[in-house]
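To start, the structure itself, in structure tokens.
The values are calculated or read from the model by the stated rules, or taken from the named source; none is laboratory data. What you are looking at is a predicted structure, and each value in this text was computed from that prediction instead of being measured. Here Cβ is always computed from backbone atoms with ideal geometry, including for glycine, and neighbour counts include all displayed protein chains. Ligands, DNA and RNA are stripped out before the accessible areas are found, and what is left, the full protein with its side chains, is counted by its heavy atoms. Shrake-Rupley method; radii C 1.70, N 1.55, O 1.52, S 1.80 Å.
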There are 2 protein chains.
Amino acid sequence: MRIPQQERSRATQQRLLEATVDCLIEHGWSGTTTTLVAQRAGLSRGAQLHHYPTKAALVLAAVEHLAARRAEEIRVEAAALPVPELDRAVELLAAAFTGPLYVAALEIWVAARTDALLRTALVPLEARVGRELHRLAVDLFGADESRPRVREAVQATLDLLRGLGVANLLSDDSARRRSILAVWTGQLAEVLA
Amino acid sequence: MRIPQQERSRATQQRLLEATVDCLIEHGWSGTTTTLVAQRAGLSRGAQLHHYPTKAALVLAAVEHLAARRAEEIRVEAAALPVPELDRAVELLAAAFTGPLYVAALEIWVAARTDALLRTALVPLEARVGRELHRLAVDLFGADESRPRVREAVQATLDLLRGLGVANLLSDDSARRRSILAVWTGQLAEVLA
DNA sequence: GGCAAAACATGCAGGCTTGACTGTTTGTTT
DNA sequence: AAACAAACAGTCAAGCCTGCATGTTTTGCC
């Protein structure tokens, strides 16, 4: 009766999900095999299959886990921002679209395009995450969406960050990104003002 | 002595490369197996291995083929645009970032992130393609890059389109895209004017 | 203490992918 | 026409991935 099994089970599942996300980051979607995930989690394949009987089950759980982590990461950094300043707010969001977690999410999005099961599970989830992100951005920017063009400008900002994140995939792009964001932030300020 | 073998060879290689791109579009990166490509090209595996001895060779050739096709597609549509009008120009570029060819390119980018061979081959190629695309956009917009913020605005537009393309991966996003681009184009016009 | 269930470990079978090997047809050269 | 090279076809072995089946340990409960 050392460790309650419910807690132990939860901990093991967490380890598996973390390992899945790590594998996605390091080896990409096709490199993320169940065997590798089990190894990385320091678990036997048997234990893995006990918790997640199929690869689909594992990945779907990992997707939710990933979404939660991304949301939390953004929220934490947002909380560390005392004064609503546009430049810093955009910078903060940009970080969320260049980190490893975004990369993992991208791997899953691209894979889901041609994987019916993943896709159907992902679309509603991403819709929710997208709305949350939008809301967060609105708050960060101190934007008033009832004014014309504000809503579109905020969304454009997020989509721009998505694109910059893609451009950052293969080689470090931070210098270019900075100068682009500097200009866009100015434009954004005009719309929000 | 009907068909010169050089021409025949070229034709089969084209078929293989087209089949590779088609497979990328339909089945994604991990679904693109050499066997499937050979089948789709209506060729035996022997013939395939004769032309491209490894999968890496095949894919690298397909990447160049894809880049050429994307560039040509954009150039063709650009030529069909008589008067330089900003709205239409942005629309045209947006189409280039939502079509199947962009999807195929995205599959390769994401895969290249964790595939050293692909990556080293892709980085210089994409740098070139990126410059060409930028140049094309500048021409289409009739932009004067010597003026402040113009260069960044053009690049931001391309990165925004990249991001919108990603958002369009899983579900049709054209309505949202239209409204965002409408606002964006307005902002862009201010910078260019 | 004893029993059931959950957590975990290990080995195995089937399917798939890749690249190699051998053979055949078609084109080229002399 | 004869020898040679390229294009093409079919088959095979090795390796990997997934899921299952069978044990072993740990936990919960009586």
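Here are the numbers:
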| quantity | calculated |
| --- | --- |
| Unit charges on C-beta of K, R, D, E only; dipole of region B:39-84, Debye | 260 debye |
| Binned Cα-Cα distances of chain B, short to long, each 10 Å bin given as a whole percent | 8, 31, 31, 19, 9, 2, 0 |
| Charge sum, other residues only, whose C-beta stays under 11 Å from B:Arg177's C-beta, Lys/Arg counted +1 and Asp/Glu -1 | -3 |
| Dipole in debye (nearest 20) - region B:1-53, about Cα centre, beta carbon charges: Lys, Arg +1; Asp, Glu -1 | 240 debye |
| Interface burial for B against A (accessible surface, 1.4 Å probe, total of both chains, Å², rounded to 100) | 3500 Å² |
| Region A:82-193: C-alpha gyration tensor shape, a/c 1.5 cut-off, then a/b vs b/c | oblate |
| Relative contact order (percent, whole number), region A:1-53, Cα cutoff 8 Å, 6+ residue spacing | 31 percent |
| Cα gyration tensor, the protein assembly as shown - rounded (a/c under 1.5), prolate or oblate | oblate |
| Centroid-to-centroid separation of region B:147-177 and region A:80-111 [C-alpha atoms, Å] | 17 Å |
| Peptide A:173-184 - average C-beta neighbours from other chains (10 Å radius) | 4 |
| Label point 7 Å beyond Cα along the C-beta direction, distances from A:Leu192 to other copies (nm, shortest first) | 2.6 |
| Extension gain from B:Ala61 to B:Ala182, taking 0.36 nm per residue of separation minus the Cα-Cα distance | 39.8 nm |
| Charge sum, other residues only, whose C-beta stays under 12 Å from A:Ala41's C-beta, Lys/Arg counted +1 and Asp/Glu -1 | +1 |
| Cβ-vector label at 7 Å, A:Thr120, separations to other copies in nm | 4.4 |
| Occluded residues from region A:98-141, i.e. those whose accessible area drops by 20 Å² or more once the chain is not alone (1.4 Å probe) | A:Leu106, A:Glu107, A:Trp109, A:Val110, A:Arg113, A:Thr114, A:Arg119, A:Val123 |
| Surface per residue (accessible, 1.4 Å probe) for region A:1-82, Å² | 60 Å² |
| Net dipole in debye of region A:1-108 [+1 Lys, Arg Cβ; -1 Asp, Glu Cβ; about Cα centre; nearest 20] | 680 debye |
| Heavy-atom accessible surface of chain A: percent carbon and sulfur, 1.4 Å | 53 percent |
| 7 Å along Cα→Cβ, label-point gaps from A:Glu73 to other copies, nm, shortest first | 3.1 |
